[in-house]
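Let me begin by presenting the structure, written as structure tokens, before commenting on it.
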Amino acid sequence: MLTRRQALAATALAAVFVASPARAQQRLNVIASFSILGDFVKNVGGDRVEVGTLVGPNGNAHVYAPSPGDAKKVADAKLVFVNGLGFEGWLERLVKASGTKAPIVVATKGIKPLERAGGHDHDHDHDHGRADPHAWQSVANAKIYVANIRDALIAADPAGKDAYLANAAAYLAKLDALEREVREVIAKIPADRRRVITSHSAFGYFQNAYGVSFTAPQGVSTEAEASAKDVAAIITQIKKQKVAAVFLENVTDPRLVEQIARETGAKVGGTLYSDALTDDKGDATTYIDLIRHNLRQLASALVS
């Protein structure tokens, strides 16, 4: 016969085992295709969502090769968030291999795509079609990503509607402040100095929104090798237009940009973050940090 104290202890222990799985089940298991998108989902989902990413920090989604483990992640997810606009050329194969029944949420829905820059007809660019997929480089577009993520989470988890609405509103307010900050900083850069060279054409939306001209020896996709003709044309352009700086990226081989800098005398302005966040040791662990980092790098190189 159990004593009253033993009975109470047993009841409490049973409650722990019963409650714990219930609490764990409340977290919606979702997958984002790459780190920047994963950050958006975390900000909107908050404590109700468990977010995994396929292409992690400093990863290059253009050349990513999914693993069998990724197929399992997708199979287990309740929602799969993707960028769309041809960014994830490997996605269709991965979804098919996973057998997932989860909704595929295209976070760029409602964004008017820009045509990819450069007009290069490299063999590997076909995955993008004519669209430039790097829509997050405009903060106004980031707000559309957030709205799409919010709506998808509410549809998948109606009980969390109030939380998702509140989280999204708070994050959108931060993005509004970020947009103002970007415009204020760019306004201080003389218009004739707002020209830079980067490794690949990832900044078309930034250029379109904020008036900084970006040129790249590679096309939109980092799979595309820059031809000698492309590089020679850019070197001529730098000399003619007196381009102030060339920038490296965290997802591309720096040697091409370094070669261009050597041959033109343009200074290497630092590293811009384009397609991926950094790991915890870097200074762009969130989307807002990424935009602010790039803004500092541009202002430092172009104002001085």
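The values are calculated or read from the model by the stated rules, or taken from the named source; none is laboratory data. Small disclaimer: the values here were computed from a predicted structure and weren't measured. Here the Cβ positions follow ideal geometry from the backbone for every residue, glycine too, while neighbour counts run over all protein chains shown. These area figures cover heavy atoms from the full protein model, side chains too; ligands, DNA and RNA do not enter into them. Shrake-Rupley method; radii C 1.70, N 1.55, O 1.52, S 1.80 Å.
For the subset of segment 232-245 comprising residues that are out of contact with any strand residue (DSSP E or B) (no Cβ under 7 Å at 6 or more places or on another chain) and open to solvent by less than 70 Å² (accessible area, probe 1.4 Å), which member is modelled with the lowest pLDDT? Taking the candidates together, the pick is Ala233. If you go through segment 272-304 and keep only what is surrounded by fewer than 22 Cβ atoms within 10 Å (Cβ to Cβ), within 15 Å of Gln137 (Cα to Cα) and of a type in the set (Val, Ile, Thr), you end up with Thr286, Ile288. For Leu248, the test of being among the aliphatic types (A, V, I, L, M) and modelled with pLDDT under 75 is passed. Select from segment 108-152 the residues that are open to solvent by 30 Å² or more (accessible area, probe 1.4 Å) and in contact with an Asp or Glu (Cβ under 6 Å, 6 or more places away or on another chain) and write down the one among them that is modelled with the lowest pLDDT. Residue satisfying both the conditions and the ranking: His124. In segment 8-20, the condition of being at pLDDT 60 or above, over 14 Å from the mean Cα position of the chain (by Cα) and open to solvent by 80 Å² or more (accessible area, probe 1.4 Å) is met by no residue. Filtering segment 67-94 to residues that are open to solvent by less than 40 Å² (accessible area, probe 1.4 Å) and in a loop (DSSP other than H, G, I, E, B) leaves Ala77, Asn83, Gly84, Gly86, Phe87, Glu88, Gly89, Trp90.
Check Gly56, Gly99 and return the single one that is modelled with pLDDT of 95 or more and at positive phi.
Values: Gly56 fails: at positive phi.
Among Gly56, Gly99, only Gly99 is modelled with pLDDT of 95 or more and at positive phi.
When Arg262, Arg183 are screened for being at pLDDT below 90 and part of a helix (DSSP H, G or I), only Arg262 passes.
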